Amino acid sequence: MSPRSHRIGVIPGDGTGPEVVREGLKVLEAVRSGFDVEPVAFDLGGERYLRTGEILPEEELARLKETDGILLGAIGHPEVRPGILERALLLRIRFELDEYVNLRPVIRYPGVKTLVPSHTEDDVNFVVVRENSEGLYGGAGGFHRKGTEHEVAVQESINTRHGVERIVRYAFEYARRPDRRKKLTLVHKTNVLTYAGDLYQRVVDELAQEFADVETDYVHVDAACIFFLAEPSRFDVIVTDNMFGDIITDLGAMIQGGMGLAAGGNINPQGVSMFEPIGGSAPRHTGTGAINPLAAIGALQMLLENLGEEEAAARVDAGIRFACSKLPSMRAGEMGYTTSEVGDLVVEGASA
Ligand code: IPM
Ligand code: MN
């Protein structure tokens, strides 16, 4: 019998993306056992855009849809005006592949120092299930009388019954996983966003009947920021909309130890999912060997889990934990190791 094989789309992208993806692929080769990988490279990002004017040609999109999963480095180029690549590349892939879940684990690994010295690794262990296909990211709205003194800018949050229901259902199901504590917290702003928040709350209340074994809770998004610092242990699985999820997961990254550790998945449970370090292209650190690859390696771990390669994923996890026990800091330039040496540490820990 020939071994399982996975076609993995690789988008190194911009800035430090290629450096961290290289470490991810190095770790993948080290933990791969019992299955084959067919990497499919994609030249997408700011460089290609500046060179050819193309951002995401149809045929590239079609090739992406033919993969089993995607590993993305970073999108964002200092010479490209903000908003262009984000919308036409990153968000377009999320939307076209209908990756409606943005899954962001917030886990404090042993030995990692953060800005909140009172937190222990038992305190910080939750996941954020961020809606990834609508809300304020839907692009609804427009300008009126642009550039005049009576200018109007409208940016609307679109929340569909279908969209809210599928993300809340995913979160409830996630809360039942054996590694979770069966608690789901809706984070929103129901005291002000009385339509969108109301829809989210009603859907949570309805599905709570079906998931009677899962405890539910509600926290306003501003209060959630307080609890991330003051009492993170109250969270197990958080479900929230696209914009709130974007914001609170950066705070989540900081209580993990920094952006250098924060990985996320853009998941379509029935389709092709894409995994990425959430920190961006870090132009300041490009090519210096200072960037932390652990977030990209964490993204690889999530990709392996998504492909059903639990054993390989567990080895990556062990490798990341080993590297965390060695690094004095997760911040670029303060790690005491180069990007590639951190990748080597992960390989060492994964092989132990
Ligand atoms: C993220 C990023 C993106 C987002 C940007 C780059 C469009 O901040 O993945 O969190 O807002 O979703
Ligand atoms: Mn973000």
**OP:** Test residue 189 against the stated conditions and say whether it is under 25 Å from residue 138 (Cα atoms) and not assigned by TED's automatic domain parsing to the domain that holds residue 92.
**Re:** yes
Original post:
So which residues in region 121-167 are among the aliphatic types (A, V, I, L, M) and touching a residue at least 40 places away in the same chain (Cβ under 8 Å), if there are any at all?
Top reply: 124, 127, 128, 129, 136, 167
**OP:** Just one of (1) within 16 Å of ligand 2 (Cβ to nearest atom); (2) in contact (Cβ under 8 Å) with a residue 12 or more places away in the chain trips up residue 83, so point out which.
**Re:** (2)
Original post:
Does residue 332 satisfy the condition of being at negative phi and modelled with pLDDT under 95?
Top reply: yes
**OP:** Could you please find all residues in region 305-326 being closer than 23 Å to residue 280 by Cβ and without any contact (Cβ under 8 Å) to a residue 60 or more places away in the chain?
**Re:** 323
Original post:
What about residue 209, is it of a type in the set (S, T, N, Q) and under 21 Å from residue 245 (Cα atoms)?
Top reply: no
Original post:
In region 67-87, which residues are out of contact with any Lys or Arg (no Cβ under 7 Å at 6 or more places or on another chain) and either open to solvent by 10 Å² or more (accessible area, probe 1.4 Å) or among the polar types (S, T, N, Q) (or both)?
Top reply: 75, 76, 77, 78, 79, 80, 81, 82, 83, 84, 86, 87
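Residue-wise test of (1) over 16 Å from the mean Cα position of the chain (by Cα); (2) surrounded by fewer than 21 Cβ atoms within 10 Å (Cβ to Cβ); (3) more than 16 Å from ligand 1 (Cβ to nearest atom).
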residue: 89; (1), (2), (3): no, no, no
residue: 98; (1), (2), (3): no, yes, no
residue: 103; (1), (2), (3): no, no, no
residue: 106; (1), (2), (3): no, no, no
residue: 113; (1), (2), (3): yes, yes, yes
residue: 116; (1), (2), (3): yes, yes, yes
residue: 128; (1), (2), (3): no, no, no
Subject >> Test result for residue 56, farther than 21 Å from residue 259 by Cβ and not hydroxyl-bearing (Ser, Thr, Tyr) >> reply: yes
Original post:
Here are some residues: 198, 222, 213. Which one is free of Cβ contacts under 8 Å to residues at least 12 places away in the same chain and either in the same structural domain as residue 164 (by TED's automatic domain parsing) or in a helix (DSSP H, G or I) (or both)?
Top reply: 198
**OP:** Would you kindly identify the strands (runs of 3 or more DSSP E) lying entirely within region 237-318 that contain at least 3 residues that are within 16 Å of ligand 2 (Cβ to nearest atom), open to solvent by less than 40 Å² (accessible area, probe 1.4 Å) and within 20 Å of residue 20 (Cβ to Cβ)?
**Re:** 263-267, 274-277
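The values are calculated or read from the model by the stated rules, or taken from the named source; none is laboratory data. Nothing here was measured: the structure is a model prediction, and the numbers come from that model. Cβ sites come from the backbone with ideal geometry, for glycine too, and all protein chains shown count toward neighbours. With ligands, DNA and RNA removed, areas are computed over all heavy atoms of the protein, side chains included. Shrake-Rupley method; radii C 1.70, N 1.55, O 1.52, S 1.80 Å.
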